[in-house]
Amino acid sequence: MEIVKTSDLVYEYIRRDEEGNVEGITTAVDKVNLDIRQGEFIAILGHNGSGKSTLAKHINAILSPTEGTVWVDGMDTSQEDKVWDIRQTAGMVFQNPDNQIIGQVVEEDVGFGPENMGIPTKEIWERVEESLRAVGMYEFRKYSPNKLSGGQKQRVSIAGVLAMHPKCIVLDEPTAMLDPSGRREVIRAVRGLNQVEGVTVILITHYMEEIIHADRVFVMDRGRIAMEGTPRQIFSQVERLKELRLDVPQVTLLAYELKKRGVELPDGILTEEELADALSVYC
Amino acid sequence: MSIIVDHVNYIYGEDTPLAVAALKDVCLQFPDGQFVGIIGHTGSGKSTLVQHLNGLLKATSGHIYFNGEDIYDRDYDRKKLRSKVGLVFQYPEHQLFEVDVFSDVCFGPKNLGLDRREAELRAYEALRKVGLEEELFYQSPFDLSGGQKRRVAIAGVLAMKPDVLILDEPTAGLDPKGRDEILSQIKRLQTETGMTILLVSHSMEDVAEYVDRIIVMNKGSVMYDDGPREVFRHYKELEEVGLAAPQVTYILHRLKEKGMDVDVSATTVGEAAETVLRALGRR
C-alpha cells in the first residue's frame, strides 16, 4: 500500500501587501501526483523555489492543499481530526538542527515526542534507547546537545522523530549546514533507517551525491514533477539537469566529460568504483 | 601588507569554569588580492578567526595588523576597519529588513555618513556587481528567491567598498546553479577589482574550484596553509579531522591504484579529465 499518495495536489500562496490586499497568487505546487510505497527511499531534487519544501510540508500536514488531496497511510491530510495521527506517521526533520532540539540532555530531547504522545514511561526509555542506537548516538545520551557537532545534533533530531515510531520520515535539506563528515554521518544514519528499520525516507537535498542510493528520484521545477526515475536514469541526463539549475555528482560529471571527448563509458555512472572499473579496461 | 595575524589566541568565557580555547597561536598573512578558502569541521575555529579580522572579536592575546597598523591600538579607528573588512555572515538574507532591495543596500553607505547621492551610487554599483537584474531593485527583498536575497545581502556589504570581503558559507542552502553563480561572481570581483576574498566553506568541491590558497583549521589551530593541490594531497589527514577531498581526488587515487598513470593532485573535474585523457593517450 502507498504510504504517501497525492492526487492533483495544488498549493497556492497568496501574496498580500502591507494593508492585507491580495497582490497576486503564486502556485508553488501545481498538479502533483505521487505514489510512494512503504519502505521506499525517495529523493526530491529541485532548484530554490521549485516547490520541494512546499510539497514536503503537505506530507506532514503543516500545509493543507488548495486543490487535490494528500493521503498519508490512507488518511486525508485535510481532515483536521487526523493531524496528530498523520504527524506521528510521517515525521519531519528540518535544515537547522539548532531549531529542533529543545531538551537539556540528549535523551530527554529524544523522549519529548513519545512523552507528548502519552506513552508509558518505561516504553519511552526503550524507544529513546533504540532510536539513539539506530542513529549511532547512544553513547552521547547524557550529553548536553550544545556540546555536539552539527552532524551529531542532526542525528539527535532524527532520533527524536524516530522515537515516535513513524512509518515515514521527511528530511528537508538535513545536511545543508553540515561539514563533510557531518553530512556523511547523517546520510549513513538515514540509509540505515531505511534499510534496517524499513522506514520510508523522503529526502530533499541540494547535494547530488547524497541520493545515489535512492530507489526513485523526483526532480521538481515550477511546482511540477519535471523528471522521475532511478538515480542512474536521472543522472544520465546531465544537460537536462543543468537546465533545471541542478548538477550531477562529480564522478558522473567526470565520466560525462570523458565520454564527450571520445572515451567509451556507460551513461549515468554513479560511484567512484563504477568509474574506476569502467576505466580499468584501458589500464 | 593587508592583514597579518600574529600569534593570536582567543578564549571563550575566559576566567569562567567553561573557558574554551577557540584559537591557539594562530599566525597568518593575507596579502592583497588573494582568493583564500578557509575550511574546517564545525567548531574548528573558522568563524571565530574571521570575526577577529574585522574586530568583532578581540584576541585574548596576540596582534592583528591591517595595512601595517595594529587594530588593537587605543586610537585605531575600528569603525573604519569594519567598512574596509566586510563580513558577510551565514544566511545573510536573514538580516535584510528594508522595504525594497535598493534601500537595503543603501543602508550601509548611509551609515558611513555618506550623502544620499553617493550612497545611492554605491548601492547601484554594488547591485550590478552581484549581477542582480535592475527590475528587482524596487521589489521587497522578501519576495526574492534564496539566491537573489543572498546576492542583495552581499551587495549590502560591497556598497561599503571594502578592501577585503569575508564570506561565511555564502552558498549554504542554495541549489547547484545558485552556488556556481554566486561563486563565479565573487571570483570575478576578485580578478576585476583586486579585492582580497576570504571564503569560509564546507564544500571541498567549491573550494577546489575557486580559491588560490586553502587554510585548514583544526581545534583552533592552523593545520595546513597551502595551494589546493598541496592541501588535498593530505586527504587522509583531512578525513581524520572531519573534512574530505573533492570526489575527483578519490577517483584519481583509485585509478592510480589500478595502474593508470594519472596525476592524483588534480582537484577539479576539468583537471581530472585532462589527466585521465593524457593517461589514456588521447591527447
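The figures follow:
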| quantity | calculated |
| --- | --- |
| Shielding by partners - mean other protein chain Cβ count within 10 Å, residues of B:169-177 | 6 |
| Ratio Rg/Rh [Cα only; Rh per Kirkwood] for the protein assembly as shown | 0.97 |
| Of all DSSP beta bridges in chain B, antiparallel share, percent nearest 5 | 55 |
| Cα pair distances of the stretch A:205-283 binned at 5 Å [whole percent] | 3, 16, 27, 25, 15, 9, 4, 1, 0, 0 |
| Estimated distance in nm for a label pair at residue B:16 and residue B:111, the labels positioned 7 Å out from Cα along Cα-to-Cβ | 2.6 |
| Reachable lysines from residue B:79, criterion Cα separation under 19 angstrom, eight or more residues apart if same chain | B:58, B:110, B:161 |
| Considering only the protein assembly as shown, percent of DSSP beta bridges that pair antiparallel, nearest 5 | 55 |
| Residues residue A:104 and residue A:33, FRET efficiency given R0 of 45 Å [Cβ-Cβ distance, rounded to 0.05] | 0.55 |
| Cα centroid separation - the stretch A:96-135 against the stretch A:43-92, whole Å | 23 |
| Reachable lysines from residue A:82, criterion Cα separation under 17 angstrom, eight or more residues apart if same chain | A:5, A:57, A:167 |
| Neighbour-count ranking [beta-carbon atoms within 10 angstrom, fewest first] of A:172, B:212 | B:212, A:172 |
| FRET efficiency, residue A:138 to residue B:60 (Cβ-Cβ, R0 41 Å, nearest 0.05) | 0.65 |
| Two-site label geometry, residue B:230 and residue B:256: point separation in nm, points 7 Å out along Cα→Cβ | 1.7 |
| All-pairs alpha carbon distance profile, the stretch A:1-109, 10 Å steps from 0, percent | 13, 38, 32, 15, 3 |
| Relative packing of peptides B:113-122, A:23-32 - highest average C-beta neighbours within 10 Å first | A:23-32, B:113-122 |
| Sum of side-chain charges, residue B:106 neighbourhood, beta-carbon under 9 Å (Lys, Arg +1; Asp, Glu -1) | 0 |
| For chain A, size of Cβ-based charge dipole, Lys and Arg +1, Asp and Glu -1, in debye | 420 |
| Antiparallel %, DSSP beta bridges [both residues in the stretch B:54-213], to 5 | 20 |
| Average other protein chain Cβ within 10 Å of Cβ, residues B:258-264 | 2 |
| Sorted by Cβ neighbour density within 10 Å, fewest at the top, the residues A:256, B:12, B:124, B:138 | B:138, B:12, B:124, A:256 |
| Computed magnitude of the charge dipole of chain B (debye, nearest 20; Cβ of K, R +1, Cβ of D, E -1) | 280 |
| FRET E, pair residue B:143, residue B:77, Förster distance 35 Å, beta-carbon r, rounded to 0.05 | 0.40 |
| Residues in the stretch A:191-234 that a label on residue B:133 would reach, taking backbone N under 16 Å of a point 7 Å out along Cα→Cβ | A:222 |
| Mean Cα-pair separation over length for chain A, i.e. relative contact order, pairs under 8 Å, 6 or more apart, % | 21 |
| Centroid-to-centroid separation of the stretch B:186-231 and the stretch A:182-227 [C-alpha atoms, Å] | 30 |
| Net charge over other residues, Cβ less than 15 angstrom from the Cβ of residue B:194 (K, R count +1; D, E count -1) | +1 |
| 13 Å beta-carbon shell around residue A:192, net charge (K/R +1, D/E -1) | +2 |
| Three-way shape call for chain B based on the alpha-carbon gyration tensor, with the a/c threshold at 1.5 | oblate |
| For B:242-253, mean number of other protein chain Cβ atoms within 10 Å | 5 |
| Residue-wise HN-Hα coupling along the stretch B:143-156, computed from phi with Karplus coefficients 6.51, -1.76, 1.60 (Hz; x: Gly, Pro) | 8, 8, 6, x, x, 5, 4, 5, 5, 4, 4, 5, 4, x |
| Exposure proxy ranking, count of Cβ atoms within 10 Å, fewest first, for B:5, A:161 | B:5, A:161 |
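Read the figures in this text as sums done on the coordinates, not as results from a lab. For clarity, every value in this text was computed on a predicted model and none was experimentally measured. Reconstructed Cβ throughout: ideal geometry from the backbone, glycine too, with neighbour counts over all protein chains shown.
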